[in-house]
Amino acid sequence: MSNVDWETASEIEWEMYYRAVAGRPLRELFVTAAPFLPPAAPHNRPLVAIDFGCGDGTETLELLARGWTVLAVDLSPGGVARLRESVAPADRKRLSTRVAPYSAVELPAADLVYAGLSLPFCAPGEFEEVWRRITSAIRPDGLFVGHLFGPNDTWAGTPDMTFHTRAQVDALLADFEIEGLREEDDDGEAVSGPKHWHVFHVIARKQRSRQ
Ligand SMILES: C[S@@+](CC[C@H](N)C(=O)[O-])C[C@H]1O[C@@H](n2cnc3c(N)ncnc32)[C@H](O)[C@@H]1O
């Protein structure tokens, strides 16, 4: 990578992360959710997705390849730069990117909000507003697909990260029909080394009656 803007310690950490996961496959959650994605939108309008905390944008590239229009959002310029370098010329006009914190982005109406391993990095004081924006943006019958972290996670208690109990996850998803909700509570590996993962893998459809 050239032209990396080394502004903050957190950007340096994310840059190390992008290098460590370079060439990664699609996240398992995204693959699991793929059969739930609509093949087309009504009235020939484009299908719109928001990739929240897109990182290197692997899932954005897949959505673009499937014909979706995507807004990819990430605080770190290094991930978004990788995404823009990787996008196929034919898909470029359907990609918008924002290098900004979640809380600063106006979201379009969307058929899918995908947040792969990204929302827990939202500061606790911002999470409620960010979640409100997400749920407002998702069209009726649209999907939220993403990870939330639980209190047994090794990183629980980290300042500027947000964790949810199962009851809190259920409350967040009160206006959604659950298509898939897997709770992982296991030892495993992170880029930084061994850790305990407490992760909710969520596939949820916004109910039509509660817009
Ligand atoms: C663990 S990475 C996940 C990236 C990608 N979705 C993946 O699955 O590899 C988390 C991403 O969230 C971004 N991020 C963290 N906090 C953020 C915030 N407050 N606003 C926007 N992006 C943020 C980071 O820059 C990083 O790219």
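Only the coordinates and a few stated rules stand behind these numbers; no lab work does. Small disclaimer: the values here were computed from a predicted structure and weren't measured. Backbone-built Cβ (ideal geometry, glycine too); neighbour counts: all protein chains shown.
Summary of values
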item	result
Nearest-20 debye value, the chain charge dipole, Cβ charges on Lys, Arg, Asp, Glu	980 debye
Pairwise FRET efficiency - residue 36 versus residue 16, Cβ, R0 = 41 Å, nearest 0.05	0.80
In order through region 150-166: 3J(HN,Hα) via Karplus (6.51 cos²θ - 1.76 cosθ + 1.60), integer Hz, x for Gly, Pro	x, x, 8, 5, 3, 7, 4, x, 5, x, 6, 10, 10, 10, 10, 6, 4
Long-range HN-HN contacts of residue 176 with modeled amide H, under 5 Å	207
Cα-only radius of gyration and Dmax that characterise region 44-206, units Å	15.5, 47
Antiparallel bridges, percent of DSSP beta bridges restricted to the chain (to nearest 5)	50 percent
Helix-only [θ]222 nm of the chain, DSSP H runs n ≥ 4, -39500 (n - 2.57) each, per residue, nearest 500	-8000 deg cm²/dmol
Using a Förster distance of 22 Å, the FRET efficiency for residue 179-residue 65 (Cβ separation, nearest 0.05)	0.45
